[in-house]
Amino acid sequence: MNAVPISFYLVLSAVLFGLGVVAFVFKRNIITIFMAIELMLNAVNLAFVAFARAWNQLDGLVFVFFVIVVAAAEAAVGLAIAIALYQNRDSLNIERVNLLKF
Amino acid sequence: MSLAFILFFIFALIAVAGAVLLIVAREPIHSALALILVMMSLAALYLMLGAEFIAAVQIIVYAGAIMVLFVFVIMLLNAGVEERTNWSKIATYAGIPLGVLLLLELAHWMAHSAMGATLASGAGAPNEMASTQALSQLLFQTYLFPFEATSILILIAILGALVLAKRDE
């Protein structure tokens, strides 16, 4: 596949990252907030792959691989935190988690 | 309008629609399904960029493993409809225009820089099979130490998840 400029992919990546930030700020459920983080990581991965293609360097793809591994670890720990939170608070709403709130 | 452009716009549209659906969905399970949609279309875009190994990993690890974990936890905790956040005035009159402005600026810069005009074809682009082979050589030779370090990271993540999710006696 060719003929699509790299800038198209980069703009799409920026749009997806922005939507991920919006979701992160707006969502009140801790699980959907984790999903917003995954969306942002995916947007960054798209930029990595596009840059790797633009410069014909495969190092970018290796970094995508590591980002996916770290995202998997983050999801495992984060969802364990969500379960612990539910056991303590009986709710997934982050507004109820205000122990450290000033 | 070549086929590549049409395919790009189809998958880009699906990805953005999925991301918007993630935001507006009230039920967490709908958000999870929307996120899987985004990941699938991103995998198709990776294929168009010639990164077929990353596309496979994207589907297997992201859409397969990670999202199953999410859906499992949503089902386990019986997550219901979430409450809406208060939509403040400052978000409407300052946040959205500023966000759109930033996006336009970013798009303008990318479209007009020398790098942005680079076509995703690449005259000397490696063919598909050679790309995966070169990637594995890079991963297991140049980046061998970080690769091994990630196994420790995964081990620590498993232990951390066990400790966190364990009920206190």
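Partner chain Cβ atoms within 10 Å, averaged over the residues of B:52-61 - can you pull that number for me? Don't jump to the answer; show the numbers that get you there.
On the way: counts 0, 4, 10, 1, 0, 5, 6, 0, 1, 5.
Taking the mean over all residues of the peptide, I get 3.
Across segment B:8-22, coupling constants 3J(HN,Hα) worked out from phi with the 6.51/-1.76/1.60 Karplus curve, θ = phi - 60°, read 4, 5, 4, 6, 5, 5, 4, 5, 5, 4, x, 5, 5, 4, 4 Hz, and Gly and Pro carry x. Averaged over the residues of peptide B:137-144, the number of Cβ atoms from other protein chains lying within 10 Å of each residue's Cβ is 3.
Take each residue in A:48-61, count the other chain C-beta atoms within 10 Å of its C-beta, and the mean is 6. Phi angles across segment B:31-38 convert, under the Karplus curve 6.51 cos²θ - 1.76 cosθ + 1.60 with θ = phi - 60°, into 3J(HN,Hα) values of 4, 5, 5, 5, 5, 4, 4, 4 Hz, Gly and Pro given as x.
Give me the percent relative contact order of segment A:1-90, please, defined on Cα pairs under 8 angstrom at least 6 residues apart.
Value for segment A:1-90: 27 percent.
Any idea what the dipole of chain A comes to, in debye rounded to 20, about its Cα centre with Lys/Arg Cβ at +1 and Asp/Glu Cβ at -1?
On the way: 6 positive and 5 negative charges, 52 e Å.
With only Lys, Arg, Asp and Glu charged at Cβ, the dipole is about 260 debye.
In order along segment A:87-93, the phi-based Karplus estimate (6.51 cos²θ - 1.76 cosθ + 1.60, θ = phi - 60°) of 3J(HN,Hα) comes to 5, 8, 10, 6, 7, 9, 6 Hz; Gly and Pro are listed as x.
Label separation (B:Ala4 vs B:Leu144): 3.7 nm, computed from points 7 Å beyond Cα along the C-beta direction.
Amide hydrogen proximity for A:Asn93: with H placed 1.01 Å from N in the peptide plane, no residue at 5 or more positions away or on another chain lies under 5 Å.
Once both labels are positioned 7 Å from their Cα atoms along Cα-to-Cβ, the gap between B:Ile29 and A:Gln87 label points is 2.5 nm.
Pairwise inverse Cα distances across segment A:20-102, averaged and inverted, put the Kirkwood hydrodynamic radius at 14.4 Å. Helix A:6-26 and the longest principal axis of the Cα set of chain A meet at an angle near 10°. Helix A:30-55 against the longest principal axis of chain A: what's the angle in degrees, Cα atoms only, rounded to the nearest 10? In chain A, helix A:30-55 runs at an angle near 10 degrees to the longest axis. For segment A:46-102, the Cβ-based charge dipole about the Cα centre amounts to some 120 debye (Lys, Arg positive; Asp, Glu negative; other atoms uncharged). Label the protein assembly as shown by shape, choosing from rounded, prolate and oblate, from the square roots a ≥ b ≥ c of the eigenvalues of the Cα gyration tensor; if a/c is under 1.5 it is rounded, and otherwise prolate applies when a/b is larger than b/c, oblate when it is not. Taking the square roots of the gyration eigenvalues as a ≥ b ≥ c, the protein assembly as shown is oblate.
I'd like to compare A:15-27, A:78-90: which one has the highest average count of other Cβ atoms within 10 Å, and what's the full order after that?
Numbers: A:15-27: 19.7, A:78-90: 17.5.
So the order, starting with the most tightly packed, is A:15-27, A:78-90.
Taken together, the values in this text are just the output of simple stated rules run on the coordinates, not laboratory data. Computed from a prediction, not measured in an experiment: that's the story for all the values here. Note that we place each Cβ from the backbone using ideal geometry, even for glycine, and neighbour counts take in every protein chain shown.
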